[in-house]
Amino acid sequence: MDQALATPPTTQLTSQLTTQQTKDRGIDSGWEARLALRLARRGEDTRLMRADRHGPLTVQRPFYPEGGALAHVYLLHPPGGLVSGDRLEISATLEPGSAALITTPGAGRAYGARQRNPEQHQHITLAVAEGACLEWFPMENIVYRGAQLHARTEIQLGTGARFAGWEINCLGLPASNAPFDCGAVQQRLQLRCGERLVFVDQLRLAAPSPLQSHAAGLNGCSVSGLLLAGPFAASADADHLIEQMRGELPTEAPVVLTRIEDFLVARYLGDSAFDARQLFVQLWAQLRPPLMSRPACAPRIWAT
């Protein structure tokens, strides 16, 4: 059968539109995508009150597998990644007493950059008001060889607010013989409780760099991950939980658990985004009951 006839018409149309969109953007252009979410408590339920969007960034309707008090929200970015000149801005505001778990259906990507207008920007702002709870669990970010990624995540917690979230980053595709041997990454995550800066984590790397192989850096690994959760009611509660988690982790698991003030911090350093995510899900299942006062309930999309 002729290949063109064997291809469904809708697939042909999608391919044609994608090609035309790529041409329309031009060599120096970039997409600006913005999504601003606002969730609020209404009675005993959390509702998505607003989802202001611009460009190729959207959100599915909330799901409630745990009941109406906590919304599961899936962020969608149809292009699937950032190319040169792209700017992606996501903000989520949780009003007092609301609760949400926000995730993505697939990995984020920063593709190899052009020589002109090379930078790719991603800015995430999470504001969790008094007594609200946010769980922020995007899938991993894959940074391709030659990318020029600038990523920033800012978390603001009000009085009595609780947060759990992770970031997993893959530099290059070593299994496909495409290591991150050229390009640059600038990443920063910061968390504030009120006006007080509690936690800052940042990476500045221009490949090839000694940081990639040095024992005090990435130690030759391509995947790094950070899980941050808190604040717990008391430092002693976090310390007890950390000891419990350490006892249940596999002996060879490349994860380190520490505490910063009343926050639990887990770090992964290895070569598998899948393993990083599975370990973080295991830790989340243990920390969620004492922190969020509810058992773990994985988003349905994680199983697909």
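The values are calculated or read from the model by the stated rules, or taken from the named source; none is laboratory data. Keep in mind the model is a prediction, meaning the values are calculated, not measured. With ideal geometry, Cβ positions are generated from the backbone for all residues, glycine too; neighbour counts draw on all protein chains shown. Please note that ligands, DNA and RNA were not included when accessible areas were found on the heavy atoms of the full protein model with its side chains. Shrake-Rupley method; radii C 1.70, N 1.55, O 1.52, S 1.80 Å.
Computed values, structure above
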quantity	calculated
Verdict on Thr14 being at pLDDT below 50 and under 28 Å from the mean Cα position of the chain (by Cα)	yes
Gly85 being in a loop (DSSP other than H, G, I, E, B), at pLDDT 90 or above and in contact with a strand residue (DSSP E or B) (Cβ under 8 Å, 6 or more places away or on another chain)	yes
Candidate set from segment 158-210 (those that are touching a Phe, Trp or Tyr at 6+ places or on another chain (Cβ under 6 Å) and aliphatic (A, V, I, L, M)); member that is farthest from Ala92 (Cα to Cα)	Ala207
Scope segment 65-78; condition open to solvent by 20 Å² or more (accessible area, probe 1.4 Å) and part of a strand (DSSP E or B); matching residues	Leu76
Residue match in segment 158-165 (condition: of a type in the set (Val, Ile, Thr), within 26 Å of Ala266 (Cβ to Cβ) and crowded, with 21+ Cβ neighbours inside 10 Å)	no
Failed item in (1) under 12 Å from the mean Cα position of the chain (by Cα); (2) open to solvent by less than 40 Å² (accessible area, probe 1.4 Å), with Thr125 passing the rest	(2)
Enumerated strands (runs of 3 or more DSSP E) restricted to segment 195-304, each holding at least 2 residues that are open to solvent by 50 Å² or more (accessible area, probe 1.4 Å)	196-207, 255-260, 263-270
Scope segment 166-194; condition among the acidic types (Asp, Glu) and surrounded by fewer than 19 Cβ atoms within 10 Å (Cβ to Cβ); matching residues	Asp181
Leading residue by the ranking (farthest from Ala161 (Cα to Cα)) among those in segment 79-107 that are open to solvent by less than 10 Å² (accessible area, probe 1.4 Å) and hydroxyl-bearing (Ser, Thr, Tyr)	Ser84
Subset of segment 159-194 (residues that are of a type in the set (A, V, I, L, M) and assigned to a helix (DSSP H, G or I))	Ala175
